[in-house]
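Below you'll find the structure, written out as structure tokens, and then a few comments.
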Amino acid sequence: KENKLKGGRIRLAAWRQGWQLHFAVMVIPRLAFSENVYRRGFSAGVYPRRFNRPFQLAKVKSLDYKFFIRAYEYALKNDHQEAILLNTGGQVVEGSRSNIFYVKDRRLFTPALSCGCLAGVTRQVILSLAKNLGIKTFAGEATVADLQNSREAFLTNALVGIMPLTYFNGHKIAAGQPGPITKSLTKSYKKLSQKYCTFLV
């Protein structure tokens, strides 16, 4: 209301200086992607630097936000919309700005929190929606090959909702277009969003 925005991003920051605690609230206009982008999907590539942080700290992404910014800048320089992060064990963790899911053998896979990924709000919503739709889910370790050879994949965060991942490391994922499970979850997610955030649909 103060910034005269109907929809936007709100980022909260808190820090201590000496014994005094400070707060800041940043409001940024939200730029929504067109339906064409969702139909086309994102392209992503692996960020060459490994993500090295104990999973106990992964829940606080702002601890090393510079790493994620650099990963995203790397993606843009290489004509991708997202960078996929790997941990020191070579396992898929997440995107620089998203959680990641992929489909294999009609099951929905996502990296486990123990791999170092953020326990994103939208990630949790997708797991719940999948359960309601009868889609079997599995959270565990994933490799680059698992993602490359998947039948479909998508990225999630609170701003984009569900974004199909159709190209990875310069190659199509399956047919290079959103798959049936992605479409089914997107439909359910939109219905849920209408109750709370009408600007997301």
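The values are calculated or read from the model by the stated rules, or taken from the named source; none is laboratory data. Owing to the predicted nature of the structure, the values given are computational and were not obtained by experimental measurement. Cβ: placed from backbone, ideal geometry, glycine included. Neighbour counts: every protein chain shown. Just the protein is used for accessible areas: all its heavy atoms, side chains included, with ligands, DNA and RNA removed. Shrake-Rupley method; radii C 1.70, N 1.55, O 1.52, S 1.80 Å.
If you take every DSSP beta bridge fully contained in segment 99-156, what fraction is antiparallel? Give it as a percent rounded to 5.
Details: 8 of 12 bridges.
Percentage antiparallel, nearest 5: 65.
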Check: Rg/Rh for segment 78-147: what does it come to with C-alpha atoms and Rh from Kirkwood?
Finding: 0.96
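Any idea what the dipole of segment 1-115 comes to, in debye rounded to 20, about its Cα centre with Lys/Arg Cβ at +1 and Asp/Glu Cβ at -1?
On the way: 21 positive and 8 negative charges, 49 e Å.
That gives a dipole near 240 debye.
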Notebook entry, point to check: Among bridges DSSP assigns within the chain, what percent are antiparallel (round to 5)?
Noted result: 70
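Tell me the Kirkwood hydrodynamic radius of segment 75-192 in angstroms, computed as one over the mean inverse distance between distinct C-alpha pairs.
On the way: mean 1/r = 0.0709 Å⁻¹.
Mean inverse Cα-Cα distance, inverted, gives 14.1 Å.
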Checklist line | Residue-averaged 222 nm ellipticity for the chain, from DSSP H runs of 4+ at -39500 (n - 2.57), nearest 500 | finding: -8000 deg cm²/dmol
Check: What is the packing order of peptides 104-114, 12-22, taking the mean over residues of other C-beta atoms within 10 Å and listing the highest first?
Finding: 104-114, 12-22
Check: Excluding same-chain residues fewer than 8 positions from Lys190, which lysines have a Cα within less than 23 Å of its Cα?
Finding: Lys6, Lys131, Lys136
Check: Which lysines does Lys172 reach when only Cα atoms under 21 Å apart count, and residues fewer than 8 places away in its own chain are ignored?
Finding: Lys77, Lys104, Lys183
Margin query: Can you compute the charge dipole magnitude of segment 54-156 about its Cα centre, using +1 on each Lys and Arg Cβ and -1 on each Asp and Glu Cβ, nothing else charged? Give it in debye, rounded to the nearest 20.
Written below: 280
Next item on the list: Return the carbon/sulfur percentage of the accessible area of the chain, one whole number, probe 1.4 Å, all protein chains in place.
Entry: 54
Next item on the list: For the chain, report the accessible area per residue in Å² (1.4 Å probe, heavy atoms, rounded to an integer).
Entry: 61
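For Ala24 and Ala119 in the same chain, what is the full-extension length gain: residue separation times 0.36 nm, less their Cα-Cα distance, in nm?
Details: separation 95, 0.36 × 95 = 34.20 nm, distance 2.34 nm.
Gain on stretching Ala24 to Ala119: 31.9 nm.
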